[in-house]
Amino acid sequence: MLFLRSFIFTLGMWIFTPLFMTSALFIAPLTAITRYKYISNWAKIMLWWLRITCHITHRVIGTENISDHPSIILSKHQSAWETLAFQTIFPPQVWVLKRELLWIPFFGWGLALTSPIAIDRSGGREALKQLAAQGKDRLKRGFWVVIFPEGTRVAPNMTSKFHIGGAWLASHSQATVVPVAHNAGEFWGKNSFIKKPGVITTSIGKAINCRGMKPDAINTQVATWINDEMLQLKQYS
């Protein structure tokens, strides 16, 4: 039954995504925020389809910690689920991602229209400069910036080094950081075809004022909170 439900979800996504993203090409001349609002409907529909086919829903703890101004989200990364759900939980946002994702037919085309910060991971310090410049630009334009500091999806009960990029942007832009933990990987694992029914829990931590903080200090504070909160979320798995 799990295989069948997962297959139906995937089949629906394969059929719907090319149609929706092709329609999105017609809104390319519109403003960035308008394009985002239109394309984010894809994520909302996919979450609905996930609930109908795989019986996966979610709860959110700490919504009172969502700041009232554009901020940087530094989040745990376990699944493809959070890239969908964050669009329903947080204000309009852009993602920091590897530029190769923009080359994926249909999906990448729509992604490109959301004004992402697409970087060359092999760029070293130049990539950090690009992140800082584009990140400041997106924040000024009213977008939140979503960054997964671990750089890749990490399996439940595992931890990975937090890369400096997100903290670097926060330090140089003096923006507020909102740390986020969740247990999506328990239900929709990395590269997993099978989706397990259940309720994903997302926990939003208290906003961190990064004014005057060094990147290393920001990273340490965020990593400590996320790793501690992941232990608390085990009760919901």
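Expressed to the nearest 5 percent, the antiparallel share of DSSP beta bridges inside the chain is 25 percent. Look at where the Cα atoms of region 157-176 and of region 106-145 average out, and the two centres are 15 Å apart. Working from label points 7 Å from Cα in the Cα-to-Cβ sense, the ASP137 to TRP103 distance is 2.2 nm. Mean sequence separation of contacting Cα pairs (under 8 Å, at least six apart), scaled by the length of the chain, corresponds to a relative contact order of 27 percent.
Shape class for region 1-140, computed from the alpha carbon gyration tensor (a ≥ b ≥ c): prolate, with a/c not under 1.5 and a/b above b/c. Per-residue ellipticity at 222 nm, computed for the chain from helices alone with -39500 (n - 2.57) per DSSP H run of at least four residues, works out to -14500 deg cm²/dmol.
Shape index of region 83-199: Rg/Rh, with Rg the Cα radius of gyration and Rh the Kirkwood radius from the inverse mean 1/r over Cα pairs, equals 0.96. Per-residue extension of 0.36 nm, minus the Cα-Cα distance of TYR236 and ALA127, leaves a gain of 35.5 nm for this segment. Cβ crowding within 10 Å, taken as a proxy for footprinting-reagent exposure, orders ARG211, ARG153 from fewest neighbours to most as ARG211, ARG153.
Scanning residues 5 or more positions from ILE117 or on other chains, those with amide H under 5 Å from its amide H are TRP95, VAL96, LEU97, with H placed 1.01 Å from N in the peptide plane.
In summary, the aspartates and glutamates within cross-link reach of LYS190, defined as a Cα separation below 19 angstrom excluding same-chain residues under 8 places away, comprise GLU82, GLU100, GLU150.
Highest mean packing comes first when the peptides 66-76, 178-188 are listed by Cβ atoms within 10 Å, giving 178-188, 66-76.
Using a/c under 1.5 as the rounded threshold, could you call region 69-131 rounded, prolate or oblate? The axes a ≥ b ≥ c are square roots of the C-alpha gyration tensor eigenvalues, and prolate needs a/b larger than b/c, oblate otherwise. Taking the square roots of the gyration eigenvalues as a ≥ b ≥ c, region 69-131 is oblate. Taking other C-beta atoms within 10 angstrom as a stand-in for reagent exposure, SER171, SER23 fall in the order SER23, SER171, fewest first. Filter LYS129/LYS206; LYS37/LYS234; LYS44/LYS76; LYS129/LYS195 down to the pairs with a C-alpha to C-alpha distance above 30 Å, please. Too far apart for the 30 Å limit: LYS37/LYS234; LYS129/LYS195. Normalised by 2.2 N^0.38 Å, where N is the number of residues, the alpha-carbon radius of gyration of the chain equals 0.98.
In the elastic network of the chain, a GNM with C-alpha springs shorter than 10 Å, the most mobile of TRP144, TRP168, TRP103 is TRP103.
Where a number appears in this text, it was derived from the coordinates with a stated rule and is not lab data. Note that the coordinates shown come from a computational prediction; the quantities given were computed from them, not determined experimentally. Don't worry about glycine lacking a Cβ; one is built from the backbone with ideal geometry, like all the others, and counts go over all protein chains shown.
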